[in-house]
Protein chains: 2
Amino acid sequence: MSEQKPLILVTNDDGITAKGIRTLVELMQQLGEVVVVAPNSPQSGMGHAITIASPLRLNKVDLFPGLSAYECSGTPADCVKLAKHFVLKDRNPDLVVSGINHGSNTSISVLYSGTMSAAIEAAIEGIPAIGFSLCDYAHDPDFSHTHDHILKIAGHALEHGIPKGVAFNVNFPSKTDLPLQEIRICRQADARWQEEFDQRKDPYGRSYFWMSGKFVNDDTGQDTDEFALSQNCTALVPCQLDLTDYKIISELQSWNINERTAAIPSPESVETAKRSF
Amino acid sequence: MSEQKPLILVTNDDGITAKGIRTLVELMQQLGEVVVVAPNSPQSGMGHAITIASPLRLNKVDLFPGLSAYECSGTPADCVKLAKHFVLKDRNPDLVVSGINHGSNTSISVLYSGTMSAAIEAAIEGIPAIGFSLCDYAHDPDFSHTHDHILKIAGHALEHGIPKGVAFNVNFPSKTDLPLQEIRICRQADARWQEEFDQRKDPYGRSYFWMSGKFVNDDTGQDTDEFALSQNCTALVPCQLDLTDYKIISELQSWNINERTAAIPSPESVETAKRSF
């Protein structure tokens, strides 16, 4: 590393006043020059949303003494885009960190995660990026056991860089009386959310729904993020930006997809269907 | 296929009144029994957002004569969840189709795409799913050249199923005087959006930003979705739900990430940093 301190952009999806981002800012100040651009309100569940249909606001705030910090009306991905192109005037940070999220982002949750959308957005821009999440949904959780692992992972990312087209998804077990074990490099567990909907009536008699769900993990592999967390380890999954499933391309070639199948009705029945539409 | 008609769920992200979903509904009626659950307003750029912090509304609408159709206050992913668990009473559709989107969802845009988030949500539930997009952002584009390819792709998906953990991302070139060529199975091009921000003042003198951008494709491969479209072909990319980058796991093991690096300052300088915070 050069004598000049690395430039580190910090963001999150719980909003700029959350305890998780304050913890992360304090840790990153030990590693470099920190700039904060984060949402002005919670953005959980926003996936990789960006704001294209409405204008964005960006305001300097005085929440972090001595630091350049901005709150943004947009999503975590918007924050990274605005940070790079406006706040940093197209200077690339050396590292983007997002979090610490108040809640798990393991397994399939990576797809719904605002925390990881910021990291993935930075990776698209070619910047080393890490999302940090604590498996504890409390407003005021204890992050103290994560400090050493955050410094190690961010330190390694600054020293080695992160391979192109990859962002790290890091999840920590919640604090217990047991000591935190090592950092493990994992794959994403093949688990999912089983949704539940709570149907209610508003004061005007109209229905509305609250969505909730329970996490279902039938993946018994010992190389997953979920397994590592069950062993009180920190789980690091390297996430790629290319969603192509290369394994099944050749299988699909054998479908002869340019030929019609039996599933498509005859032209006569299609005409009938059209007239009845 | 059995005598019973397959059950097909249709959704989109441009909203239930868009021309694209009307076209898709009409085509799917040729293949099976159609149920429509789609957003009540445009959701473009929503990525894989889900609505957890506010309640959802779902209303039956009479937009498609003879069909069961609902508009939903949520995102495309919400629509799939509500459709399965509430409208269909946990009966799985045989196929979920999303679109036809008014605009491209090729390459890295798959991550920002509401159209594809609906298809990916269905794939998480184990349902064969396809997102269809036309590379034309007009409000009233000509979809007529896409009909035959949509029927073929959906017909093959009904006949063969789609491998577990995969959703199809299908993009069509916009209509020109040249005939549409064949369907090609492709990989996601390694391209990205280069953002631009237009800074303006509101009537009260405060700044706001419009985000726009231009698409930059330096990927010269002839097996990409972008290349297929440039040849006036339909591009089909099989997208996986597992973001793990398996290739780099062994590289990361060699980092010895549980050891400290030179990038982490000594305990003394950390103490100084803490006091100055």
* Every residue from the range A:39-54 that is among the hydrophobic types (A, V, I, L, M, F, W, C) and either part of a helix (DSSP H, G or I) or touching a helix residue (DSSP H, G or I) at 6+ places or on another chain (Cβ under 6 Å) (or both) -> A:M46, A:I50
* Considering only residues that are among the charged types (D, E, K, R) and away from every other protein chain (no Cβ under 11 Å), look in the range A:80-109 and name the one that is surrounded by the fewest Cβ atoms within 10 Å (Cβ to Cβ). => A:K89
* Asked: Restricting the range B:139-171 to residues that are more than 10 Å from chain A (Cβ to nearest Cβ) and not in a helix (DSSP H, G or I), which is nearest to B:E26 (Cα to Cα)?
  -> B:F143
* Would you please name the residue that is farthest from the other protein chains (Cβ to nearest Cβ), looking only at residues in the range A:55-65 that are outside any strand (DSSP E or B) and touching a Phe, Trp or Tyr at 6+ places or on another chain (Cβ under 8 Å)? => A:V61
* To do: Might you check whether a residue that is within 22 Å of A:H149 (Cβ to Cβ) and in contact with a Pro (Cβ under 7 Å, 6 or more places away or on another chain) occurs anywhere in the range A:66-78?
  => yes
* **Among (1) in contact with a strand residue (DSSP E or B) (Cβ under 6 Å, 6 or more places away or on another chain); (2) at the interface with chain B (Cβ under 9 Å from one of its Cβ atoms) - the single one A:A129 does not satisfy** => (2)
* With the checklist (1) in contact with a helix residue (DSSP H, G or I) (Cβ under 6 Å, 6 or more places away or on another chain); (2) closer than 20 Å to B:P39 by Cα in hand, flag the one item B:P128 doesn't pass. => (2)
* Asked: If you scan the range A:85-107, which residues turn out to be of a type in the set (V, I, T) and modelled with pLDDT of 95 or more?
  -> A:V96, A:V97, A:I100, A:T106
* Asked: If you go through the range B:173-188 one residue at a time, do you hit one that is in contact (Cβ under 8 Å) with a residue 24 or more places away in the chain, in contact with a Ser or Thr (Cβ under 6 Å, 6 or more places away or on another chain) and either of a type in the set (K, R) or surrounded by fewer than 20 Cβ atoms within 10 Å (Cβ to Cβ) (or both)?
  -> yes
* Test A:G221 against the criterion of being open to solvent by less than 80 Å² (accessible area, probe 1.4 Å), at positive phi and more than 8 Å from chain B (Cβ to nearest Cβ), and give yes or no. => no
* Any residue at all in the range A:11-29 that is at negative phi and assigned to a strand (DSSP E or B)? -> yes
* **Filtered residue count, the range B:79-118, keeping only those that are outside any loop (DSSP other than H, G, I, E, B) and under 22 Å from B:T146 (Cα atoms)** => 16
* Asked: Which of the residues belonging to the range B:110-122 are over 8 Å from the mean Cα position of the chain (by Cα) and either open to solvent by 10 Å² or more (accessible area, probe 1.4 Å) or among the small types (G, A, S) (or both)?
  -> B:A122
* **Among (1) over 20 Å from B:I185 (Cα atoms); (2) in a strand (DSSP E or B) - the single one B:G126 does not satisfy** => (2)
* First in the range B:97-108 and more than 12 Å from B:A191 (Cα to Cα), second anywhere and open to solvent by 10 Å² or more (accessible area, probe 1.4 Å) and assigned to a strand (DSSP E or B), Cβ under 9 Å, 6 or more apart -> B:S104/B:F215
* **Extreme residue, surrounded by the fewest Cβ atoms within 10 Å (Cβ to Cβ), among residues of the range B:224-266 that are more than 9 Å from every other protein chain (Cβ to nearest Cβ) and aliphatic (A, V, I, L, M)** => B:L229
* Asked: Hey, which of the strands (runs of 3 or more DSSP E) in the range B:172-271, taking only ones fully inside, have at least 2 residues that are among the aromatic types (F, W, Y) and within 28 Å of the chain's Cα centre (by Cα)?
  -> B:191-201, B:207-217
* **Yes/no for B:G114 being closer than 20 Å to A:I108 by Cα, free of Cβ contacts under 8 Å to residues at least 40 places away in the same chain, within 11 Å of chain A (Cβ to nearest Cβ) and not aliphatic (A, V, I, L, M)** => no
* Filter the range A:146-155 for residues that are in contact with a helix residue (DSSP H, G or I) (Cβ under 9 Å, 6 or more places away or on another chain), under 20 Å from A:A123 (Cα atoms) and open to solvent by less than 10 Å² (accessible area, probe 1.4 Å) and give the result. => A:I150, A:A154
* How many of the residues making up the range B:33-50 are open to solvent by less than 10 Å² (accessible area, probe 1.4 Å) and touching an Asp or Glu at 6+ places or on another chain (Cβ under 7 Å)? -> 2
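The values are calculated or read from the model by the stated rules, or taken from the named source; none is laboratory data. Every value quoted in this text rests on a predicted model; they were computed, and no experiment measured them. With ideal geometry, Cβ positions are generated from the backbone for all residues, glycine too; neighbour counts draw on all protein chains shown. Please note that ligands, DNA and RNA were not included when accessible areas were found on the heavy atoms of the full protein model with its side chains. Shrake-Rupley method; radii C 1.70, N 1.55, O 1.52, S 1.80 Å.
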